[in-house]
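This report concerns only the one structure given below.
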Amino acid sequence: MAKLIIQADGAPDRVLELRLGSHKVGRAPENDIVLLHPSVSSRHCIMELSEEGLMVQDLGSTNGTDLDGQPIVEASAQSGQVIGIGVFDCVVEGVTPRVSIPKWGETRPPRLPPGVKACSNHPEFPASMECGHCHRLFCGVCVHLMQRQGGSLHKLCPVCSHHCKPIAGMNQPATPNKLFGLLKKMIPKSGTMRLRRGRRRFR
């Protein structure tokens, strides 16, 4: 169960369970999560919980929204990270990307084509990003997104939080020319059939 632990100096911790969907956060009473303090705007931010994780978007608040101490406009948050809203620290718990485990008797997803690297967390999906620090490969669902106010979008490793970069020239399936070359090596030269590109010829 996804939870938000709201902490503030001089006040007891509040534990809120997050359901799937949107959660408006602010000082005004019509919000789903009400934080009563002048440092919190009336409509401060919105949190969107899905099976892929928790997205946090600042709504143009006066004091901004932080993720692990860094100002953001929109970012994904995972378990253990802290969302800063005014004087409140909101610790995220129980939020992890969905990993599908096939049940007994279920048909497993098809294997990826030759030459396509798989995501470290989701072997059935092709990897699109590589961490520049730990060199793990991930699909777009796994990578954490962080955007600072007035800055560009950062894609961070879900394991070590370093920057990820797109995989270049690595995740391409084998070309027809390569496949043709492999077939040519596998078939003995003394056979009765000769392979020509694009057609067969029998003697």
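Annotations
- Summed residue charge, Cβ within 13 Å of Gln7's Cβ, Lys/Arg positive, Asp/Glu negative: -2
- The packing ranking, built from the mean of other Cβ atoms within 10 Å per residue, places the peptides 156-167, 126-137 in the order 126-137, 156-167, highest first.
- Assuming charge only on the beta carbon of Lys and Arg (+1) and of Asp and Glu (-1), the dipole of segment 1-84 about its Cα centre is about 260 debye to the nearest 20.
Every read-out reported here was derived from the displayed coordinates using simple, explicitly stated rules and does not represent laboratory data. Computed from a prediction, not measured in an experiment: that's the story for all the values here. Cβ coordinates were reconstructed from backbone atoms using ideal geometry, including for glycine residues, and neighbour counts include every protein chain displayed.
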